[in-house]
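In what follows, a structure is listed as C-alpha cells, so that the remarks can point back to it.
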Amino acid sequence: VTTERGAWRTEGKTQNSKLKTQNYLYLFAFTLGLSFTHHMQTVYLVPASIFFIIAVYWKKWMQQKQSFYSLLSTLYPLLLKMLCLFILPLFLYLYLPIRASADPVYNWSDPDTLRKFTHHISGQSFKEYFTSGINGIYKNLTHIPHFLSDQFHYFWWMSLIGLLILLFKNRSRVLFFFLIIIVNISLAVRYSIPNIEDYYIPSYIIFMILFSLCSGFIINKFLKKGIIFSILFFIVPIISFIIHYPYNNRSNYYFAYDYGNGILCPVDNEAIMFLSGDAIEFPVCYLKYCENQRDDVALIFTIFLTDELVVKEIGYCETIKKQYPEIDLSTPIQNDEIDYNDIENSVKRIKIKEIISNKLISRPVFLMYDNELLNNYILIPKGFFYKIVSKEIKEEKICEELKTCSFHLFIRGIKDDNMIFKDAAWTLRVIINYVLSYYIHGFIYYKELGKYEESIDNYEKALEIKIKNKEIPYFVPYSTCYNHYLNEYKRNIEEIKKHLLNTYWEWGNYYEKKGLILKAIDLYKKVEEISPDNIKLKNTVGYLYFSQNRYQDAINEFKESIEICPTDVRSHINLASVYYAKGLYKEAISECKCILELDADNTYANQMLETILKRRLDK
C-alpha cells in the first residue's frame, strides 16, 4: 500500500508539473499575441519559441522512447490551443476598422476595408525604409557594438562569461537565445531609420539574462569570502542609478510641446502645412486637435498621401476635401512622375505643385525645408517651417516676407547643460533649424534680391550658432539619430561657408568692376579669413594691390600664395611682374628661373629674361 501511495504521489507530481508547464506555454502564447497588437517587433521571438517548444517535447519523446505518432498526438492539441490563445488577443485589431469608420481627424491608413486593414497592420507604409543593399546592411551592422557597449558600458564582458556558464549548464537554451539574437539582428539590420537602436531590445534582454547569470555565479563563488567585496558588488547598481538618473529624469522636459509650438505658431493664417515624420506630426496634431490651437491651419500628412497612392481606396484626398472643401488633391498621379526611390517626398512635391498652380486656392503653403523645390520656388523661413512663394513675386513682397520671420523659437531646457542631452538628437535638430533659417535668409537676399550686405549678415549669424556641448556624456546612449543630425549640421556649416565665400567674392567683383578697388580688396580679404589657403584669391588681391602701385602688399600676397603651393606658375609670374615693375631685376630673374623649372617653354618668363638682358646690355 505504501508503495502504491508513493507511486500515486509521484505520478500526481509529474502530472502537476506537466500541467504547470502547459499553463506557462498557454500564458506565453496569449502574451505573445497581445504583444503583437502593440508592436510587430515581437516577431523576433517567434522562431526561437517554436524551436524551444519542439526541442523540449522532442527530448521527452527520446527519453520515453514513444512512437513518433505519440509525439504528434501530444503536440497537436497543445499547439492548437496555443495557436487559439495567440489569435484571441489579435481581435483587438478590430478596433481599428470600427474607429476608422467614424472618420476621425487623424486616421492612419484609414483601415476600414480588408485591404487597407492588412496594409496597415503589416506596416506596408514603412517598407521604403528597408534596404537589401550590402552597403546599407554593413553600415547598420557597424552600429551594433555601440548599442551593446552603451547598454552595459565596461561590464559587457560579463555577458560573455554568462554565455560560457550557460554552455556548460544547458546548451539548448544557448541555441534558444542565439536564435532570438540572430533573427533580431538579421531583420533589424535591414531597417534604416534614425532610431534603429530601439529595435535591438530583444537582443539587449538576452545579453542582460547572460549578464545576470554571470552576476549570480560571482555572488555564489565570491561574496561569502569578504564583506568588502560584497559591499562593492552591491554598490555598482546604485552608482549606475545615480549616473543615469539625470538623463532619464523627464520631470521638467517640455521638448515635444515646445517643438510643436515652434512649428505651428509662426505660420500664416489659413496656412496649409505638409507634415512628414512622427516627431513633427504628433506634437502638432496634439496642439491642434486636443488643445484647439490654430484651427485655421490645414494639416496634410505626406505618409497618408503615399498610402493613397499604394492603397487606391484609402480615400485620404477625399477626407482632406471634406475637412477643407477648397483643397482638392484628388488628381491622379502618373507613374512616370513618381520617384520610387523617394516616393513620399516625390508625391508631396507633386501635390504641392497642384495646390500652387490652382488659382482657386489662395491659402499659403508651408513645409519642412526641401532643396528639390528651390529650382521652381522661393522657400521663406517661418519658424521651423518654410513658406513656398512663386519666383515671380515682387522684390518688395519678398523683403516684407523676410522681415516677418520669427527667430525667437522658445524651447525650454535647450540651453540647460543638464537637459540638452535628454534628447540630444532632437536638440541638435532644433539647432540645425536655426542655422537653416538664417542660411536660407542669406541665400534669398543674395540669389533673389542681389543684396550682398543683408545676405552676408544672415550667413554670419548662421555660423555664430554653435553646438555648445560638443562632447556627449558617456552615460547617454549611442544614437544613430544623433550622428545623422550631427553630420547634417556639419554639412550645413560647410555649405554656408561656401555661400558666404561666394557672396563676398561676388560683392568684391561688383566693386572691382565699378572701379572701387579698395572696397573690393576689403571684401576679398573677408574671403581670405574664411578660406586662408585660397590661391586664386591671393593672386586676385595681389593683382589689385599691384594695380594701385602698392608693390610690397602685392609681393606679400604672391609670396603667401607660393608658400601654399610652390608649383603654382601663375603666382610666380605675378611675383616676377611686381619685381620687374619695381626694378628688382635680380629677384625677377630668380622668379623667371623658377617658372622655367616648372614650365620650360613658358613664353612670359623667356620674354622677361630677354627684356632684362637687353636692358642690361643697353646700359
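State in Å² the accessible area per residue of the chain; use a 1.4 Å probe, count heavy atoms of protein chains only, and round to the nearest integer.
Details: 35330 Å² over 619 residues.
Solvent-accessible surface per residue comes out at 57 Å².
Taking GluC sites (Glu not before Pro) across the stretch 242-340, the ones in a DSSP loop with at most 16 further Cβ atoms lying within 10 angstrom of their Cβ are GLU270, GLU291, GLU326.
Would you mind checking the pairs LYS497/LYS593; LYS139/LYS348; LYS353/LYS394 and listing those with alpha carbons more than 31 angstrom apart?
The answer is LYS497/LYS593.
Each of LEU141, SER186, ILE161 was scored by the projection of its Cα onto the charge dipole of the stretch 126-231, and the greatest displacement toward the positive side belongs to ILE161; charges sit on the C-beta of Lys, Arg, Asp and Glu.
Using the Karplus relation 6.51 cos²θ - 1.76 cosθ + 1.60 with θ = phi - 60°, the per-residue 3J(HN,Hα) values for the stretch 521-528 come to 4, 4, 6, 5, 5, 5, 4, 5 Hz, with x marking Gly and Pro. A Cβ-based charge dipole, computed about the Cα centre of the chain with Lys and Arg at +1 and Asp and Glu at -1, lands at about 2980 debye.
Think of each Lys and Arg Cβ as +1 and each Asp and Glu Cβ as -1; about the Cα centre, that makes the dipole of the stretch 22-153 roughly 560 debye.
The modelled label-to-label distance between TYR106 and ILE121, using points 7 Å beyond Cα along the C-beta direction, is 2.2 nm. Between the entries [x] 35, 31, 26; [y] 65, 37, 23; [z] 57, 31, 22, the label attached to semi-axes √(5λ) of the Cα gyration tensor in Å calculated for this structure is [y].
Within the same chain, aspartates and glutamates fewer than 8 places from LYS526 are excluded, and of the rest, those with a Cα less than 14 Å from its Cα are GLU453, ASP457, GLU460, GLU506.
Calculate for the chain the 222 nm mean residue ellipticity that helices alone would give, adding -39,500 (n - 2.57) per DSSP H run of length 4 or more and normalising by residue count, nearest 500 deg cm²/dmol.
Working: 26 runs with 396 residues, N = 619.
Mean residue ellipticity at 222 nm (helix-derived): -21000 deg cm²/dmol.
Relative to the longest principal axis of the Cα atoms of the chain, helix 157-169 runs at roughly 30 degrees.
Between 0 and 90 degrees, the angle of helix 255-264 with respect to the longest Cα principal axis of the chain falls at about 50 degrees.
For the chain, what % of the accessible area comes from carbon and sulfur atoms, probe 1.4 Å? Don't jump to the answer; show the numbers that get you there.
Details: 20720 of 35330 Å².
Roughly 59 percent, rounded to a whole number.
If you line up the long axis of helix 603-618 against the longest principal axis of the chain, both from Cα atoms, how many degrees apart are they, to the nearest 10? Helix 603-618 sits at roughly 30 degrees to that axis. Think of the chain as having a plus end and a minus end, set by charges on the Cβ of Lys, Arg, Asp and Glu; of LEU575, PHE385, HIS120, HIS120 sits farthest toward the positive end of this dipole.
The values are calculated or read from the model by the stated rules, or taken from the named source; none is laboratory data. Small disclaimer: the values here were computed from a predicted structure and weren't measured. Counting neighbours? That spans all protein chains shown, and the Cβs are built from the backbone with ideal geometry, glycine included. In case anyone asks, the SASA skips ligands and DNA or RNA and just uses the protein heavy atoms, side chains included. Shrake-Rupley method; radii C 1.70, N 1.55, O 1.52, S 1.80 Å.
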